[in-house]
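To start, the structure under review is shown below, and the notes come after it.
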Amino acid sequence: MYKQTILCCALVGAHLLGTIRLEKAMAAESAGEWQTRAEATNYRRTSRYDEDIAYARRLAAASPLVQLQLLGKSPEGRAIPVLVVSKDKAFTPEAAQATGKAIVLVNAAIHPGEIPGKDAGLAFVRDLVITGKHATLLDGAILIFIPVFGVDGHERFGPYTRINQNGPEESGWRTTAQNLNLNRDFLKADTPEMRVWLDVFGRYLPDLIVDTHDTDGADYQYNLTYGLENGASLDPALVAWQKAAFEGEIFPAVAARGHVVSPYIILRDSKDISKGISQDPSEPRFSTGYGALQNRPTLLVETHMLKDYKSRVTATYDLLVEIFAYLNRHPGKLRTLVARVDEQTIARGRRYDPNYRYPLTFKLTERSRPFQFQGFESTLELSAISGSTWVRYDPTKPKTFTIPLFDEAAVEKAVAPPLAYAVPVSLTEVIDRIKAHGLRYRTLDAALTLAVETYEFSSPAWESAPFEGRIRLKDFKATPIQRQITYPAGSLVVPLDQRAANVAIHLLEPEGPDSLLQWGFLDAIFEQKEYAEDYVMEKMAREMLARDPKLKAEFERKVSQEPAFAASPEARLEFFYRRTPYWDDRYNIYPIGRVSALENLPR
Ligand SMILES: [Zn+2]
């Protein structure tokens, strides 16, 4: 429709006054024609998946600057729409990279009940390429927009998906059709939807990620809150960029458009605001934590669900405008920085430094700084219903409180990264994840025995209930050991002199909070599969004691000093079984090897 309109204008160009009148009329018609469902209903409603696909198709048909890709297939059979918006029509990853412009990946509906990002993003694309309202914002940046990430959850549509949310009237459900939370799936990559996201990320290598949500938690004045990695896993140079870009320019500009902006509010005590708020480092299951491992600044957008839908959509829209405006004001800066940090990660992986420690887990310190919290007056009342207290907020009484903000992270667990990991061919699910994250690897074409460092596990314990469809390993002790392990043909060697090395470390180091070991991908190594019958072991143990006085002394010492051992017939017999060549040398041993000596690295 729009292309025809342009043609009409050109034809009547000779009559200037008539043209202006006609253009005005057409702009109005075009604005109506291009309204999103949210705009057309004064933000009472949001569109369905089919409408979103149709709108995306229309954008791509009407503008040569938009390409629509329909990627993958959800468990219920839906493709995930991806819009690439580029002034240079640089739609392939190679072409996009070659422009030298910042590439921004924005995803909406990772939690489909939280949908302002979709309605803001579709309007933003329209205003970049159809209405021309923000056409110049494409001068210095390319947008990759995923309007509906959780496609199946988006279609579990109804009025009762988000309790207490202030519009739209109906929306989607938080999780996928498999009841999995996409914003816990970035590292373990169990869902087909996440595979699409990782594929898009890996091919285009965007410089900035924006992940849009709604939040609840408490009531306060802010309509727009945000999360950024303050340190922890993100490179300090990128932390500094985030601070300068977002806190220095973008958020003040968004606030100047009438929004009330704050860091993401997580109350330390949900019933007592004076205890302050926390900004925890993100684990790599989350977008912000995963972006950090990939050396990419990642903005978590959380509009406040108690604010009306229009306020949340326009806040997200204005934020997108200001992000692009910033990137246009500072051309090349982010791209150069991100490339430099990638280079540093690659360089770090070229040599093994036993003294360097890469942090895996963090905890917040008790150090805080004062924060001006724009909240509401509230009262704590006794409840006969809950038998406890409840907080009653009074949104008619705004009040600014000075409260402590805790955001200083200290390293808890850390590891010296090896030069490479060796992954046996039999670990098919692990290999699948290595490939899904686009990691570089070498496949062994013949069996190879490698001197590796690995771990022997003891005291493993599992959670009692599933989390994200998996029973996680909650506790274990890992003792580093040296081993010669033969890796069969088809096994992988994953070197760490690559830009996504931190992803490999987090997948494969057992102590990583989202390691594949902790998600239960290697549970079978904790199962003893071969046994010695008592009557056999008894006889063998007698022979061993008679043959070896040192062993006898050790056994007797254990019996006299360790009551639990002394009281367990199984443990006493296992003492001997472990010392026979029949003992399974793979039981409780991590099969993924750390190669730390250059001479041991296969070429
Ligand atoms: Zn969310």
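The values are calculated or read from the model by the stated rules, or taken from the named source; none is laboratory data. Not measured: the values here are computed from a predicted model. With ideal geometry, Cβ positions are generated from the backbone for all residues, glycine too; neighbour counts draw on all protein chains shown. Each accessible area value is taken on the protein alone, full model and side chains, heavy atoms only, with ligands, DNA and RNA left out. Shrake-Rupley method; radii C 1.70, N 1.55, O 1.52, S 1.80 Å.
For the chain, averaging the sequence separation of C-alpha pairs within contact (under 8 Å, six or more residues apart) and dividing by the residue count gives a relative contact order of 12 percent. Going by a ≥ b ≥ c, the root eigenvalues of the Cα gyration tensor, does the range 55-99 fall in the rounded group (a/c under 1.5), the prolate group (a/b larger than b/c) or the oblate group? Judged from the Cα gyration tensor, the range 55-99 comes out oblate (a/c at least 1.5, b/c at or above a/b).
In this rough spin-label picture, where each label sits 7 Å from Cα along the Cβ direction, the E377-T336 distance is 5.3 nm. Looking at the range 498-572, the GluC sites (Glu not before Pro) that sit in a DSSP loop and have at most 10 other Cβ atoms within 10 Å of their own Cβ are E527, E530, E533. Need one number: the % of Cα-Cα pairs in the range 534-585 sitting beyond the 13 Å mark. It works out to 58 percent of all Cα pairs. Measure up K188/K307; K87/K118; K73/K101 against 28 Å on the Cα-Cα distance and list the ones that go over. Over 28 Å Cα-Cα: K188/K307; K73/K101. With Cα atoms as the point set, the range 362-431 shows a radius of gyration and Dmax of 23.6, 63 Å. Using θ = phi - 60° in the Karplus curve 6.51 cos²θ - 1.76 cosθ + 1.60, the 3J(HN,Hα) couplings for the range 384-394 round to 6, 6, 8, x, 10, 9, 9, 8, 10, 7, 10 Hz; x is entered for Gly and Pro. Distance from a point 7 Å along Cα→Cβ of K539 to each backbone N in the range 580-603: keep the residues under 19 Å and list them by number. 580-583, by backbone N distance to the label point. With contacts taken as Cα pairs under 8 Å at a separation of at least 6 residues, the range 132-187 carries a relative contact order of 28 percent.
Against the longest principal axis of the chain, how steep is helix 2-11, in degrees 0 to 90 to the nearest 10, with axes from Cα atoms? Relative to the chain, helix 2-11 is tipped by roughly 30 degrees.
What do you get for the angle between helix 333-348 and the principal long axis of the chain? Use alpha-carbon atoms, 0 to 90 degrees, nearest ten. For helix 333-348, the angle is close to 10 degrees. Taking only alpha carbon atoms, the range 457-502 gives an Rg to Rh ratio of 1.10, where Rh is the Kirkwood radius. Sites counted here are chymotrypsin sites (Phe, Trp or Tyr not before Pro) in a DSSP loop (not H, G, I, E or B) having no more than 16 other Cβ atoms within 10 Å; the longest part of the chain that contains none of them is 161-355. Counting Lys and Arg as +1 and Asp and Glu as -1 over every other residue whose Cβ lies under 12 Å from the Cβ of S262, the net charge comes to -2. Note on A597/S426: beta-carbon distance plugged into 1/(1 + (r/R0)^6) with R0 of 22 Å gives a FRET efficiency of 0.35. The antiparallel fraction among DSSP beta bridges confined to the chain stands at about 75%. For the range 157-244, the solvent-accessible area of protein heavy atoms averages 32 Å² per residue (probe radius 1.4 Å; ligands and nucleic acids excluded).
Taking the average, over residues, of other Cβ atoms within 10 Å as the packing measure, peptides 343-350, 332-339 rank 332-339, 343-350 from highest down.
Take the range 291-428 with all the other protein chains still there, run a 1.4 Å probe, and you get 48 Å² of accessible area per residue. The share of Cα pairs per 10 Å bin across the range 284-386, counted from zero up to the longest distance, runs 9, 21, 31, 24, 9, 5, 0 percent. In this rough spin-label picture, where each label sits 7 Å from Cα along the Cβ direction, the Y531-R348 distance is 4.7 nm. Of all DSSP beta bridges confined to the range 58-164, the antiparallel ones make up roughly 60%. Within the range 471-529, the trypsin sites (Lys or Arg not before Pro) that combine a DSSP coil assignment with at most 10 other C-beta atoms in a 10 angstrom radius are K529. The Cβ shell under 14 Å around L71 holds other residues with a net charge of +2, Lys and Arg each +1, Asp and Glu each -1.
Accessible surface calculations at 1.4 Å, restricted to protein heavy atoms, place the range 478-603 at 53 Å² per residue. Give me the distance in nm between label points sitting 7 Å out from Cα along the Cα-to-Cβ direction at R57 and F157, one decimal. The modelled label-to-label distance comes out at 1.5 nm.
With 0.36 nm allotted per residue and the present C-alpha distance subtracted, the V391-N355 stretch has 8.0 nm of extension available. Compute the whole-percent fraction of alpha carbon pairs in the range 506-603 spaced more than 15 Å apart. Within the range 506-603, distances greater than 15 Å cover 72 percent of Cα pairs.
The angle between the Cα long axis of helix 549-561 and the main principal axis of the chain comes to about 60°, on a 0 to 90 degree scale. Taking only protein heavy atoms and a 1.4 Å probe, the accessible area of the chain is 53% carbon and sulfur.
With one equal scatterer per alpha carbon and no solvent term, the Debye-computed log10 I(q)/I(0) for the range 29-115 at 0.16 1/Å reads -0.80. The C-alpha radius of gyration of the range 289-348, expressed as a fraction of 2.2 N^0.38 Å, stands at 1.50.
Each 20 Å bin from zero up to the one holding the largest Cα-Cα distance in the chain carries the following percent of pairs: 17, 45, 27, 9, 1, 0. Ranking E247, E509 by solvent-accessible area of protein heavy atoms (1.4 Å probe, all protein chains present), from largest to smallest, gives E247, E509. Using alpha carbons only, how many angstrom separate the centre of the range 399-455 from the centre of the range 236-289? Value for the Cα centre distance between the two parts: 27 Å. Taking max minus min of the alpha-carbon positions on each principal axis, the range 107-190 gives extents of 41, 33, 17 Å, largest first.
For R44 and A489, the FRET efficiency from 1/(1 + (r/R0)^6), where r spans their Cβ atoms and R0 equals 60 Å, is about 0.45.
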